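Encoded as C-alpha cells, the structure appears first; notes follow it.
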Amino acid sequence: MLPSLIPALTIDEEQDTAVISSTPFQLTPIEDLTLQALLNRLGSMFVESLSKANKFTEDRYGSVPRVYIVCTEDILLSPSLQRYMIEQNEVKEVMEIPADHMTVFSKPKELSQCILELAQKHA
C-alpha cells in the first residue's frame, strides 16, 4: 500500500524537508512512512484459525466499554464518517486528536495521552 505513495512525496530543497501532499498520511513524518513501508507485511497467517473462532457475544464483547478517538485530519476516513461509525455503535466516550490516518506516527504523544486517560477512566 505505501510504496505506491512514495511517488507522491516531494522534496522542498530550501527547507530540506519532505512534503506529502494529498495522501492520508500528510502529517506523518517521512522517516516513519519509509520505515512502515519497509516493514509492511501482507495479511495474517492466522486467518483460517480466526475464521473458526467463537463469534462475539453481548456477554463478552458487550462487557467491554468502547471508546473512539476521532482523527480530525484523516482524509482516508473523514471525521464525518468516523462520527457516523460512532453513532452506529454504543460508544461510551469520544476524544479527538488533530492527526492523520497514521495517528501512531503523526501524533504519538497525543495518542498515548488519550489512551492512558481512557484506560484510567474505563478500566
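The values are calculated or read from the model by the stated rules, or taken from the named source; none is laboratory data. Note that the coordinates shown come from a computational prediction; the quantities given were computed from them, not determined experimentally. Because the Cβ atoms are built from the backbone with ideal geometry, glycine has one as well, and the counts that use them run over all protein chains shown. The accessibility values were calculated without ligands, DNA or RNA, using every heavy atom of the protein model including side chains. Shrake-Rupley method; radii C 1.70, N 1.55, O 1.52, S 1.80 Å.
A Förster radius of 25 Å, combined with the Cβ-Cβ distance separating residue 90 from residue 30, puts the computed FRET efficiency at roughly 0.05. Here the simple spin-label model places points 7 Å from the Cα toward Cβ, and for residue 39 and residue 110 these points are separated by 2.2 nm. Excluding residues fewer than 8 places away in the same chain, name every one of the lysines whose C-alpha is closer than 27 Å to that of residue 92. Of all the lysines, those that pass the test against residue 92 - Cα under 27 Å, at least 8 places apart if same chain - are 55, 107, 109, 121. Using the 1.4 Å probe convention, the accessible area of the stretch 30-123 works out to 77 Å² per residue with neighbouring protein chains retained.
Measuring with a 1.4 angstrom probe and ignoring ligands and nucleic acids, residue 90 comes out at about 140 Å² accessible. D by Stokes-Einstein for the stretch 66-120, Kirkwood Rh over Cα pairs, 37 °C, 0.692 mPa s: 289 µm²/s. A DSSP coil position with no more than 14 other Cβ atoms inside 10 Å describes the following chymotrypsin sites (Phe, Trp or Tyr not before Pro) in the stretch 43-123: 46, 56.
Under a 5 Å amide H cut-off, with hydrogens placed 1.01 Å from N, residue 66 pairs with 92 among residues at least 5 apart or on other chains.
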